[in-house]
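Nothing in this text is a laboratory measurement; each read-out follows from the coordinates by a stated rule. Note that the structure is a prediction, hence the values are computed from the model and not measured. Neighbour counts run over all protein chains shown; Cβ positions are idealised from the backbone, glycine included.
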Amino acid sequence: MRVIFNVDAISAPLTGIGRYALELANGLARHEAIEELRLYSAVRWVDDPADALSSNRMFASLRKNLPFKTSALELYSRLRDVLFRAHTRKMQGYLLHTPNYILMPFDGPSVTTVHDLSAFNFPETHPPERVRFLERHLPRTLARADRVLTDSQFIADEIHHKLGVAREKLRVVALGVDPGYGPRSPADLAEAMNRHGLIAGAYLLVVATQEPRKNLIRLARAYAALPSATRSRHPLIIVGARGWLSADLEKVLAPLEANGSTRRLGYVSEADLPLIYAGARAFAFPSLYEGFGLPVLEALASGIPVLTSNVSSLPEICADIALCIDPLDEDALRRGLERLLDDEDWRNTSASRGLQHAAQFPWSRCVDETVAVYREVVGF
C-alpha cells in the first residue's frame, strides 16, 4: 500500500491531534503493510515527522499573528490545496489520509479523521475563524471521504445523527497511550519534581489547554471551596499551553495563585510530562466535551486515580474506572475532588484498575486498526 499522510497537525506545542498525527506517522513508517509513505506538511513534502514539526512552526506563527484571521486561514488553505494538487497530479495508486478534519483535493481514495464536533456544538469556545472554516469545508470533506475515522463511538454517533454521514462510512479507531506513561519510583521522579518545584504524591494535576471547553473555571472554583487544609496538602497544578477566551479563568485563578494553592507550569517538555503525571496524587479533567480525552488515558496509565466528566466520550474511554461527575455542577465537582484526594480504598482500587485498562490502548493498536481501514478502502 502507498499512502500520502498529511502532517500539518504536527506542530509545537503538541496537543492531542498533533500527538495522534505524530504517532500515526511514525507507526505507518514502520508498518509492514505500507510499501511507501509520503508525508505532506503545509505546502511541501517532508522526509520525517521531525521536519514537519519544524516546518509547521512557521506557518502556525503566521496564522496566529496575521490580522484578518478568517481571510488568512482561507488564503492559506487555498494555497495549500493548489500546491498539493500540483504535487500529486501524476501520483497514481496512493491513498490520502488527513488526520485533522479537512481533506485536500485528491483524485484517489481518501480517509479523514474527525476527532469531535466541538466547533459545531460549542462554537463560543473556539476562535470564530476556526468555526467558520469548519462550517464551510467539513461537509464537503465528509462527502468526499471514502472512510471517516473517529476516536470514539460517541463521536461516530454524533457525526451520523448531526451531519448525516452514513454509518457504513464511519470507523472508530481509539487513540493510544505511550509506554512512557506509567508508575515511577521516588528516585525516578526526584529530578523532575525538583525542577518544577513539586512534591511527589502531593499535588492535584490537570493537563489541558487553557480554553473554555476544558471547564477549568468550574474546576478552580470547586477546588477553592475545599477545606484550606486540603488545599495546603494538595496544591492544584495546571499543565498546558495558554489558549483562548481565558480572561474569566485568569480572574478565578488569580487569588489561588496569590495564596500559593495553585500553580501553572505552562507547556511541559515531552520528557517531563510522564513524570509529572506519575508524581501526582490524583488527576482532574472535568471537560465539557471531548472526542476521546487522551489525558484521562495517560493518567490511568500512570497509575493515579482520575476524576472526569460524565458527558461526551469520557465515560466510554475510562469505562467505570474514573470518578465521573456532572461537569456543570460545582458542588458535585467539589465532593468528587474530596473523594479523589481522600478516599484511600477507592483511590487504590481505581489506580489498579486504571493500569489494566490503559494497557489495552497501545499506539500500535491504533496504527494497526487504521491500516485495516486503508485495506478496506483500497480493496486488499
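Counting alpha carbon pairs within less than 8 Å and at least 6 residues apart, what relative contact order, in whole percent, applies to the stretch 214-305?
Relative contact order here is 33 percent.
Assign one of three labels to the stretch 128-178, namely rounded, prolate or oblate, based on the Cα gyration tensor with a ≥ b ≥ c the square roots of its eigenvalues; rounded applies when a/c is under 1.5, prolate when it is not and a/b is larger than b/c, and oblate otherwise.
Here the stretch 128-178 falls in the oblate category.
For the stretch 67-174, which chymotrypsin sites (Phe, Trp or Tyr not before Pro) pass both filters: DSSP loop (anything but H, G, I, E, B) and at most 13 other C-beta atoms within 10 Å?
Sparse-neighbourhood loop chymotrypsin sites (Phe, Trp or Tyr not before Pro): F68.
Taking a cut-off of 18 Å between Cα atoms, list the aspartates and glutamates near K162, but don't count ones fewer than 8 places away on the same chain.
D116, E135, D151, E290
Which of W363, W45 has the fewest other C-beta atoms within 10 Å, and how do the rest follow up to the most?
W45, W363
Mind running the shape call on the stretch 152-285? Use the C-alpha gyration tensor, a ≥ b ≥ c as the square roots of the eigenvalues: rounded below 1.5 for a/c, prolate if a/b tops b/c, oblate otherwise.
Note, shape of the stretch 152-285 comes out oblate.
Can you give the % of DSSP beta bridges in the chain that are antiparallel, to the nearest 5?
Around 10 percent of the beta bridges assigned by DSSP in the chain are antiparallel ones.
Between E74 and H161, 0.36 nm times their residue separation minus their Cα-Cα distance comes to what?
Result for the pair: 28.5 nm of gain on full extension.
Can you tell me which of D48, D368, D320 moves the most in a GNM of the chain? Springs connect C-alpha atoms under 10 Å apart.
Highest fluctuation among the options: D320.
Ranked by Cβ crowding within 10 angstrom, fewest neighbours first, how are I199, I10 ordered?
So the residues, fewest neighbours to most, are I199, I10.
Enter the angle in degrees (range 0 to 90, nearest 10) between the Cα long axis of helix 186-196 and the first principal axis of the Cα atoms of the chain, meaning the one along which they spread out most.
The angle comes out at about 80 degrees.
Tell me the relative contact order for the chain as a rounded percent, counting alpha carbon contacts under 8 Å between residues six or more apart.
Over the chain, the number comes to 15 percent.
Could you check which residue among K251, K162, K90 shows the biggest mean-square fluctuation in a GNM of the chain with a 10 Å Cα cutoff?
In this elastic network of the chain, the residue with the biggest mean-square fluctuation among K251, K162, K90 is K90.
Regarding the stretch 255-380, what are the three Cα extents along the principal axes, ordered largest first, in Å?
61, 30, 27
What value in Å³ per residue do you get for the convex hull of the alpha-carbon atoms in the stretch 228-268?
Dividing the Cα hull volume of the stretch 228-268 by its residue count gives 63 Å³.
Remind me, relative contact order of the stretch 186-358 in percent, using alpha carbon pairs under 8 angstrom and six or more residues apart?
24 percent
Round to the nearest 10 and give me the degree value, 0 to 90, for the angle of helix 16-30's Cα axis relative to the longest principal axis of the chain.
50 degrees
Would you mind ranking V172, V111, V296, V46 by Cβ crowding within 10 Å, fewest neighbours first?
V172, V46, V111, V296
Given the Cα-Cα distance of E168 and A319 and 0.36 nm per residue of separation, how much length would full extension add, in nm?
Full-extension gain reported as 51.8 nm.
Identify the GluC sites (Glu not before Pro) of the stretch 251-296 meeting these criteria: DSSP loop state and at most 16 other C-beta atoms within 10 Å of the C-beta.
Listed in order of number, the matching sites are E270.
Give the calculated FRET efficiency between R242 and S364 to the nearest 0.05, with a Förster radius of 22 Å applied to their Cβ-Cβ distance.
E between R242 and S364, to the nearest 0.05, is 0.10.
With springs connecting C-alpha atoms under 10 Å apart, model the chain as a Gaussian network and identify which of R213, R85, R334 has the largest mean-square fluctuation.
Comparing R213, R85, R334 in the GNM, the peak value goes to R85.
How many nm separate the modelled label positions at S228 and Q356, each set 7 Å beyond the Cα in the direction of the Cβ?
Here the modelled spin labels are 4.3 nm apart.
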